[in-house]
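The values are calculated or read from the model by the stated rules, or taken from the named source; none is laboratory data. Remember, predicted model here, so these are calculated numbers, not experimental data. Virtual Cβ from ideal backbone geometry, glycine too; neighbours counted across all protein chains shown. In case anyone asks, the SASA skips ligands and DNA or RNA and just uses the protein heavy atoms, side chains included. Shrake-Rupley method; radii C 1.70, N 1.55, O 1.52, S 1.80 Å.
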Number of protein chains: 2
Amino acid sequence: MTERSGSLAALAEVFREHGFEGTSLTTISKATGLGKGSLYNFFPGGKDEMMAAVLDDIDRWFEEAVFTPLEAADEPGPAIMAMMQAVTAYFQSGGRVCLVGWLGLGSSREAFADRVNGYFARWIATLAHCLQTGRVPAPRARSLAQEAVSGIQGAIVLSRALDDTRLFVRIVEKLESELLAVVARGES
Amino acid sequence: MTERSGSLAALAEVFREHGFEGTSLTTISKATGLGKGSLYNFFPGGKDEMMAAVLDDIDRWFEEAVFTPLEAADEPGPAIMAMMQAVTAYFQSGGRVCLVGWLGLGSSREAFADRVNGYFARWIATLAHCLQTGRVPAPRARSLAQEAVSGIQGAIVLSRALDDTRLFVRIVEKLESELLAVVARGES
DNA sequence: GCTAAGTTGTACCGATCAGTACAAGTAAGG
DNA sequence: CCTTACTTGTACTGATCGGTACAACTTAGC
């Protein structure tokens, strides 16, 4: 079980680099250092189960580092700043792809639709909740949260395409300052 | 030649659905109705050349429907509105993926890096140019253009993930109104 | 109607795909 | 030491991969 979870990081990285369809078992084997035997021993369900395990791991990380802090925060400003910092580090300033967002683009989407949907829905919900603690009305908070999450995804796509991590940082800072302005103003 | 260009639409659609790595010649053959013989007759370079032809087609469309109007506009407001309308129709309110943005995520990126980079660079440049005609200073125009293009890409990712085309429309409208507000204000 | 050029289907290539089978290896418990 | 359970590498399967070869076919010019 420890070997399985130990390989999750490498597994995630290789999926992020090649996508689901583009990742072969040979690639996975090389990346994790595990032979096919071990791979199918730990993940009897094959590639699908490997991706599912990776998604579990991602969920766990975001739950702990992003979602829970957003929900638990009693003041929105610092929580928003912490979220943006965590996200920037996680996505390596746009150098690292959002696997969940990517999955949503492809035809493998159907297989993981619930996971993909849940990830973004929870992100938006917790961020909106955080904004509401700053006296932002619920509908507005929800819209702002959607725009922020959408904006982060766009920053990943664009900064990857232009190979410019500074662009990611700048856009995310802009998104942050917009949110901070709203909560600082007390209400909208 | 007419058969080749006639198959480009189907080719583009199947690439959009499965990505580059996820699209097999069998899939392409079915989607276009052409056998392998015809496929390699029209595209001797194989899958790479097919994707290149699709990207050419996309470039052509955007050049005509988006970039040139942005550059030729003497008034930014209507040009921005026209761009957003064209883009919303093209991406089918987020139901359709941006193939170029997708390519930038994957490892097949390297093969098409210049195309991907050029596409977004030109989009940003023409939009920034358009904003400058509305007396927006060059650096600000560039930043706003980057944010708008990034925002559109994010809207595609998020609306696909949540399977909600209204979300795409709403976010794009928001982006539009922000740009319009800037140019209406005369200056920043 | 003959030729030449372009088009198409089909059979095939070696490589690689995801996945299976299983024997050999390892380690822990008693 | 022996068993039992887990782990691992290797060899293999049939299917499919991208790509090639080529013969059959259509079409157009003359």
Fill in: Condition broken by B:Gly106, with the remaining ones in (1) modelled with pLDDT under 95; (2) surrounded by fewer than 23 Cβ atoms within 10 Å (Cβ to Cβ) satisfied
(2)
Worksheet item: Taking B:Arg109 and the conditions (1) farther than 30 Å from A:Ser93 by Cβ; (2) charged (D, E, K, R); (3) within 11 Å of another protein chain (Cβ to nearest Cβ), which numbered condition does it fall short on, given that it satisfies the others?
Response: (1)
Worksheet item: Does B:Ala72 qualify as being in contact with a Pro (Cβ under 7 Å, 6 or more places away or on another chain) and open to solvent by 30 Å² or more (accessible area, probe 1.4 Å)?
Response: no
Worksheet entry | Checking B:Arg135 against (1) assigned to a loop (DSSP other than H, G, I, E, B); (2) touching a Gly at 6+ places or on another chain (Cβ under 9 Å); (3) within 28 Å of A:Ala12 (Cα to Cα), the condition it does not meet | (3)
Worksheet, complete the sentence: Among (1) outside any helix (DSSP H, G or I); (2) more than 16 Å from DNA strand D (Cβ to nearest atom); (3) surrounded by fewer than 13 Cβ atoms within 10 Å (Cβ to Cβ), A:Val97 falls short only on (3)
Discussion item. So, B:Val14, is that one closer than 25 Å to A:Gly104 by Cα, under 20 Å from the mean Cα position of the chain (by Cα) and within 16 Å of DNA strand D (Cβ to nearest atom) or not?
Written reply: yes
Worksheet item: Since A:Ser143 meets every condition but one in (1) open to solvent by 20 Å² or more (accessible area, probe 1.4 Å); (2) within 11 Å of chain B (Cβ to nearest Cβ); (3) in contact (Cβ under 8 Å) with a residue 40 or more places away in the chain, which condition does it not meet?
Response: (3)
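For (1) touching a residue at least 12 places away in the same chain (Cβ under 8 Å); (2) more than 16 Å from DNA strand C (Cβ to nearest atom); (3) crowded, with 17+ Cβ neighbours inside 10 Å; (4) not in a helix (DSSP H, G or I), each residue gets a yes or a no:
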{"residue": "B:Ser29", "(1), (2), (3), (4)": "no, no, no, no"}
{"residue": "B:Tyr40", "(1), (2), (3), (4)": "no, no, no, no"}
{"residue": "B:Gly45", "(1), (2), (3), (4)": "no, no, no, yes"}
{"residue": "B:Met51", "(1), (2), (3), (4)": "yes, yes, yes, no"}
{"residue": "B:Leu55", "(1), (2), (3), (4)": "yes, yes, yes, no"}
{"residue": "B:Phe62", "(1), (2), (3), (4)": "yes, yes, yes, no"}
{"residue": "B:Phe67", "(1), (2), (3), (4)": "yes, yes, yes, no"}
{"residue": "B:Gly77", "(1), (2), (3), (4)": "yes, yes, no, no"}
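B:Ala82 - would you say it is aliphatic (A, V, I, L, M) and either closer than 28 Å to A:Val97 by Cα or in a loop (DSSP other than H, G, I, E, B) (or both)?
No.
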Discussion item. If I filter the range B:116-140 down to residues being touching a helix residue (DSSP H, G or I) at 6+ places or on another chain (Cβ under 7 Å) and over 26 Å from B:Leu55 (Cβ atoms), which single residue comes out as farthest from the other protein chains (Cβ to nearest Cβ)?
Written reply: B:Thr133
Discussion item. Considering only residues that are more than 14 Å from DNA strand C (Cβ to nearest atom) and within 26 Å of B:Gly101 (Cα to Cα), which ones fall in the range A:1-27?
Written reply: A:Ala9, A:Ala10, A:Ala12, A:Glu13, A:Arg16
Worksheet entry | One residue from A:Val136, A:Val97 being under 23 Å from A:Glu178 (Cα atoms), of a type in the set (A, V, I, L, M, F, W, C) and out of contact with any strand residue (DSSP E or B) (no Cβ under 9 Å at 6 or more places or on another chain) | A:Val136
Worksheet item: Yes or no: A:Ala111 over 15 Å from A:Val66 (Cβ atoms), at pLDDT below 95, assigned to a helix (DSSP H, G or I) and in contact with a Phe, Trp or Tyr (Cβ under 9 Å, 6 or more places away or on another chain)?
Response: yes
Worksheet item: In this structure, does B:Gly19 turn out to be touching a residue at least 40 places away in the same chain (Cβ under 8 Å), open to solvent by less than 50 Å² (accessible area, probe 1.4 Å), within 16 Å of DNA strand D (Cβ to nearest atom) and within 14 Å of chain A (Cβ to nearest Cβ)?
Response: yes
